[in-house]
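Note sheet for the following structure.
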Amino acid sequence: MPPPIPVILAKYDPEWPRLAAGHSRRLQALGSALVIVHHIGSTSVPGLAAKPIIDLMPLVSDLAELDRLRGRVEALGYGWHGELGIAGRRYCTLDDHAGARAVQLHIFQVNSPHVERHIALRDYLRAHPEIARAYENEKRRAQSLHPDDSHRYGDEKAAWIRDAEGKALNWYAERRSRVISN
(Lines give C-alpha, C1' and ligand atoms only; values in the text may rest on other atoms or scores of the structure.)
Protein backbone atom coordinates (compact mmCIF):
# COMPACT_ATOMS: atom_id res chain seq x y z
CA MET A 1 0.00 0.00 0.00
CA PRO A 2 1.35 3.43 -0.86
CA PRO A 3 1.94 5.56 2.25
CA PRO A 4 -0.57 8.26 3.12
CA ILE A 5 0.07 11.68 1.64
CA PRO A 6 -0.97 15.16 2.78
CA VAL A 7 -4.47 16.16 1.70
CA ILE A 8 -4.34 19.26 -0.48
CA LEU A 9 -7.61 20.38 -2.02
CA ALA A 10 -7.09 22.59 -5.04
CA LYS A 11 -9.61 24.76 -6.83
CA TYR A 12 -10.88 23.07 -9.99
CA ASP A 13 -8.30 23.34 -12.75
CA PRO A 14 -9.63 23.33 -16.34
CA GLU A 15 -6.32 21.67 -17.34
CA TRP A 16 -7.26 18.45 -15.53
CA PRO A 17 -9.21 16.97 -18.47
CA ARG A 18 -6.29 17.70 -20.81
CA LEU A 19 -3.85 16.06 -18.37
CA ALA A 20 -6.18 13.07 -18.07
CA ALA A 21 -6.31 12.73 -21.85
CA GLY A 22 -2.50 12.83 -22.07
CA HIS A 23 -2.07 10.14 -19.43
CA SER A 24 -4.80 8.09 -21.13
CA ARG A 25 -2.90 8.21 -24.43
CA ARG A 26 0.24 6.89 -22.72
CA LEU A 27 -1.74 3.83 -21.63
CA GLN A 28 -2.04 2.80 -25.30
CA ALA A 29 1.19 0.96 -24.46
CA LEU A 30 -1.12 -1.80 -23.23
CA GLY A 31 -2.10 -2.50 -26.84
CA SER A 32 -5.23 -4.48 -27.57
CA ALA A 33 -5.74 -5.37 -23.90
CA LEU A 34 -6.89 -1.77 -23.29
CA VAL A 35 -10.53 -1.15 -24.22
CA ILE A 36 -11.13 2.41 -22.99
CA VAL A 37 -9.95 4.87 -20.34
CA HIS A 38 -12.42 6.93 -18.28
CA HIS A 39 -11.47 10.06 -16.34
CA ILE A 40 -13.14 9.61 -12.94
CA GLY A 41 -12.91 11.11 -9.48
CA SER A 42 -13.15 14.72 -8.44
CA THR A 43 -10.81 16.07 -11.12
CA SER A 44 -13.37 14.89 -13.69
CA VAL A 45 -16.16 17.07 -12.27
CA PRO A 46 -16.02 20.68 -13.51
CA GLY A 47 -16.04 23.20 -10.68
CA LEU A 48 -15.29 20.68 -7.92
CA ALA A 49 -12.25 21.26 -5.70
CA ALA A 50 -10.06 18.18 -5.62
CA LYS A 51 -6.77 16.72 -4.61
CA PRO A 52 -4.73 17.56 -7.73
CA ILE A 53 -4.35 13.88 -8.60
CA ILE A 54 -5.84 12.58 -11.85
CA ASP A 55 -7.93 9.43 -11.34
CA LEU A 56 -8.24 7.26 -14.42
CA MET A 57 -10.23 4.07 -14.84
CA PRO A 58 -8.73 2.05 -17.67
CA LEU A 59 -10.88 -0.91 -18.70
CA VAL A 60 -9.20 -3.99 -20.05
CA SER A 61 -10.55 -7.02 -21.86
CA ASP A 62 -8.89 -9.47 -19.46
CA LEU A 63 -7.21 -8.92 -16.08
CA ALA A 64 -4.96 -11.95 -16.51
CA GLU A 65 -3.65 -10.39 -19.74
CA LEU A 66 -3.13 -7.09 -17.89
CA ASP A 67 -1.17 -8.91 -15.19
CA ARG A 68 1.09 -10.29 -17.92
CA LEU A 69 1.56 -6.69 -19.15
CA ARG A 70 2.48 -5.35 -15.71
CA GLY A 71 5.99 -4.53 -16.95
CA ARG A 72 4.53 -2.14 -19.55
CA VAL A 73 2.62 -0.26 -16.85
CA GLU A 74 5.72 -0.06 -14.68
CA ALA A 75 7.81 1.06 -17.67
CA LEU A 76 5.49 4.10 -17.88
CA GLY A 77 6.62 4.96 -14.33
CA TYR A 78 3.64 3.61 -12.41
CA GLY A 79 3.95 1.79 -9.11
CA TRP A 80 1.88 -1.42 -9.14
CA HIS A 81 -0.10 -2.05 -5.93
CA GLY A 82 -2.31 -4.98 -6.96
CA GLU A 83 -5.96 -5.10 -5.91
CA LEU A 84 -5.37 -2.98 -2.81
CA GLY A 85 -8.64 -3.90 -1.11
CA ILE A 86 -10.95 -4.05 -4.13
CA ALA A 87 -11.30 -7.47 -5.74
CA GLY A 88 -10.85 -7.33 -9.50
CA ARG A 89 -9.01 -4.01 -9.49
CA ARG A 90 -5.39 -3.22 -10.26
CA TYR A 91 -4.33 -0.01 -8.54
CA CYS A 92 -1.31 1.89 -9.81
CA THR A 93 0.18 5.27 -8.92
CA LEU A 94 2.41 7.71 -10.77
CA ASP A 95 4.40 10.44 -9.05
CA ASP A 96 5.56 13.63 -10.72
CA HIS A 97 9.21 14.73 -10.92
CA ALA A 98 8.99 16.30 -7.45
CA GLY A 99 7.74 13.03 -5.96
CA ALA A 100 4.12 14.14 -5.52
CA ARG A 101 1.33 11.78 -6.53
CA ALA A 102 0.08 12.83 -9.97
CA VAL A 103 -2.07 9.97 -11.30
CA GLN A 104 -3.95 7.01 -9.87
CA LEU A 105 -5.11 4.16 -12.08
CA HIS A 106 -8.08 2.05 -11.04
CA ILE A 107 -7.91 -0.68 -13.67
CA PHE A 108 -10.87 -3.04 -14.05
CA GLN A 109 -12.03 -5.65 -16.51
CA VAL A 110 -14.81 -4.25 -18.71
CA ASN A 111 -17.54 -6.34 -17.06
CA SER A 112 -16.65 -5.36 -13.47
CA PRO A 113 -19.55 -4.10 -11.33
CA HIS A 114 -17.23 -1.35 -10.06
CA VAL A 115 -17.21 0.34 -13.46
CA GLU A 116 -20.84 1.46 -13.30
CA ARG A 117 -20.58 2.89 -9.77
CA HIS A 118 -17.59 5.06 -10.72
CA ILE A 119 -19.22 6.36 -13.90
CA ALA A 120 -22.59 6.82 -12.21
CA LEU A 121 -21.12 8.93 -9.41
CA ARG A 122 -19.07 11.03 -11.82
CA ASP A 123 -22.05 11.71 -14.08
CA TYR A 124 -24.37 12.32 -11.11
CA LEU A 125 -22.01 14.96 -9.67
CA ARG A 126 -21.64 16.58 -13.09
CA ALA A 127 -25.43 16.75 -13.53
CA HIS A 128 -26.17 17.95 -9.97
CA PRO A 129 -23.96 20.92 -9.03
CA GLU A 130 -25.66 21.27 -5.65
CA ILE A 131 -24.62 17.73 -4.74
CA ALA A 132 -21.10 18.39 -6.04
CA ARG A 133 -21.00 21.42 -3.70
CA ALA A 134 -22.17 19.25 -0.80
CA TYR A 135 -19.42 16.77 -1.65
CA GLU A 136 -16.86 19.56 -1.68
CA ASN A 137 -18.06 20.60 1.79
CA GLU A 138 -17.66 17.01 2.99
CA LYS A 139 -14.16 16.86 1.52
CA ARG A 140 -13.18 20.07 3.29
CA ARG A 141 -14.59 18.73 6.57
CA ALA A 142 -12.58 15.50 6.19
CA GLN A 143 -9.47 17.46 5.26
CA SER A 144 -9.79 19.64 8.36
CA LEU A 145 -9.78 16.50 10.50
CA HIS A 146 -6.99 14.64 8.65
CA PRO A 147 -4.85 17.17 6.73
CA ASP A 148 -1.74 14.98 6.68
CA ASP A 149 -3.23 11.52 6.11
CA SER A 150 -4.96 10.73 2.83
CA HIS A 151 -5.98 7.27 4.10
CA ARG A 152 -7.85 8.64 7.12
CA TYR A 153 -9.26 11.45 4.96
CA GLY A 154 -10.69 8.82 2.61
CA ASP A 155 -12.12 6.82 5.50
CA GLU A 156 -13.69 9.98 6.95
CA LYS A 157 -15.69 10.77 3.81
CA ALA A 158 -16.49 7.14 2.93
CA ALA A 159 -20.01 7.15 4.43
CA TRP A 160 -20.92 10.27 2.42
CA ILE A 161 -19.60 8.65 -0.75
CA ARG A 162 -21.47 5.36 -0.12
CA ASP A 163 -24.72 7.30 0.30
CA ALA A 164 -24.07 9.41 -2.81
CA GLU A 165 -23.12 6.31 -4.83
CA GLY A 166 -26.44 4.68 -3.95
CA LYS A 167 -28.35 7.75 -5.14
CA ALA A 168 -26.12 8.03 -8.21
CA LEU A 169 -26.67 4.39 -9.20
CA ASN A 170 -30.45 4.83 -8.92
CA TRP A 171 -30.29 8.04 -10.98
CA TYR A 172 -28.03 6.38 -13.56
CA ALA A 173 -30.30 3.33 -13.90
CA GLU A 174 -33.35 5.57 -14.29
CA ARG A 175 -31.61 7.59 -17.02
CA ARG A 176 -30.64 4.41 -18.88
CA SER A 177 -34.16 2.98 -18.66
CA ARG A 178 -35.59 6.22 -20.11
CA VAL A 179 -33.14 6.06 -23.02
CA ILE A 180 -33.96 2.41 -23.68
CA SER A 181 -37.74 2.97 -23.57
CA ASN A 182 -37.61 5.92 -25.96
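Could you list, in sequence order, the residues of the range 1-20 that are out of contact with any Ser or Thr (no Cβ under 7 Å at 6 or more places or on another chain) and open to solvent by 40 Å² or more (accessible area, probe 1.4 Å)?
Correct list: MET1, PRO3, PRO6, ILE8, LYS11, TYR12, ASP13, PRO14, GLU15, PRO17, ARG18, LEU19.
Give the residue, chosen from LEU48, LEU59, LEU66, that is assigned to a helix (DSSP H, G or I) and open to solvent by less than 30 Å² (accessible area, probe 1.4 Å). Spell out how you get there, then give the answer.
On the way: LEU48 fails: assigned to a helix (DSSP H, G or I); LEU59 fails: assigned to a helix (DSSP H, G or I).
Just one listed residue meets the conditions, LEU66.
Within the range 124-139, track down each residue that is under 15 Å from the mean Cα position of the chain (by Cα) and free of Cβ contacts under 8 Å to residues at least 60 places away in the same chain.
Answer for the range 124-139, where residues must be under 15 Å from the mean Cα position of the chain (by Cα) and free of Cβ contacts under 8 Å to residues at least 60 places away in the same chain: just TYR124.
For the range 20-35, how many residues are over 14 Å from the mean Cα position of the chain (by Cα) and on the phi < 0 side of the Ramachandran plot? Quick ask: steps written out before the conclusion?
So in the range 20-35, the residues over 14 Å from the mean Cα position of the chain (by Cα) come out as 22, 25-35.
Filter once more, keeping what is on the phi < 0 side of the Ramachandran plot: 22, 25-30, 32-35.
Result for the range 20-35: 11.
What residue, among those in the range 70-114 that are among the β-branched types (Val, Ile, Thr) and in contact (Cβ under 8 Å) with a residue 60 or more places away in the chain, is most open to solvent (accessible area, probe 1.4 Å)?
The qualifying residue most open to solvent (accessible area, probe 1.4 Å) is VAL110.
Open to solvent by less than 20 Å² (accessible area, probe 1.4 Å), in contact (Cβ under 8 Å) with a residue 24 or more places away in the chain, touching a Leu at 6+ places or on another chain (Cβ under 8 Å) and more than 23 Å from ARG25 (Cβ to Cβ): does that describe ALA142? Talk me through it step by step, then tell me what you get.
Numbers: open to solvent by less than 20 Å² (accessible area, probe 1.4 Å): yes; in contact (Cβ under 8 Å) with a residue 24 or more places away in the chain: yes; touching a Leu at 6+ places or on another chain (Cβ under 8 Å): no; more than 23 Å from ARG25 (Cβ to Cβ): yes.
Criteria not met by ALA142.
Report every pair of residues separated by at least 6 positions or lying on different chains whose Cβ atoms are under 6 Å apart, first residue within the range 21-43 and assigned to a helix (DSSP H, G or I) and at pLDDT 95 or above, second surrounded by 13 or more Cβ atoms within 10 Å (Cβ to Cβ) and of a type in the set (S, T, N, Q).
Sorted first by the residue in the range 21-43, then by its partner, the pairs are ALA33/SER61.
Taking only pairs six or more apart or across chains, which ones have beta-carbon atoms under 9 Å, a first residue in the range 2-16 that is within 15 Å of LEU94 (Cα to Cα), and a second residue that is open to solvent by less than 60 Å² (accessible area, probe 1.4 Å) and part of a loop (DSSP other than H, G, I, E, B)?
Filtered contacts from the range 2-16: PRO2/HIS81; PRO2/LEU84; PRO4/HIS146; PRO4/ASP149; ILE5/LYS51; ILE5/ILE53; ILE5/ALA100; ILE5/ASP149.
Mind listing whichever residues of the range 145-182 are surrounded by 12 or more Cβ atoms within 10 Å (Cβ to Cβ) and among the acidic types (Asp, Glu)? Before the answer, list the steps.
Step one: filter the range 145-182 for residues surrounded by 12 or more Cβ atoms within 10 Å (Cβ to Cβ), giving 145-147, 149-157, 160-161, 164-173, 175-176.
ASP149, ASP155, GLU156, GLU165 - these are the residues of the range 145-182 that are surrounded by 12 or more Cβ atoms within 10 Å (Cβ to Cβ) and among the acidic types (Asp, Glu).
The values are calculated or read from the model by the stated rules, or taken from the named source; none is laboratory data. What you see is a predicted model; the values in this text were computed from it and never measured. For neighbour counting, all protein chains shown are included, and Cβ atoms are generated from backbone atoms with ideal geometry for every residue, glycine included. The accessibility values were calculated without ligands, DNA or RNA, using every heavy atom of the protein model including side chains. Shrake-Rupley method; radii C 1.70, N 1.55, O 1.52, S 1.80 Å.
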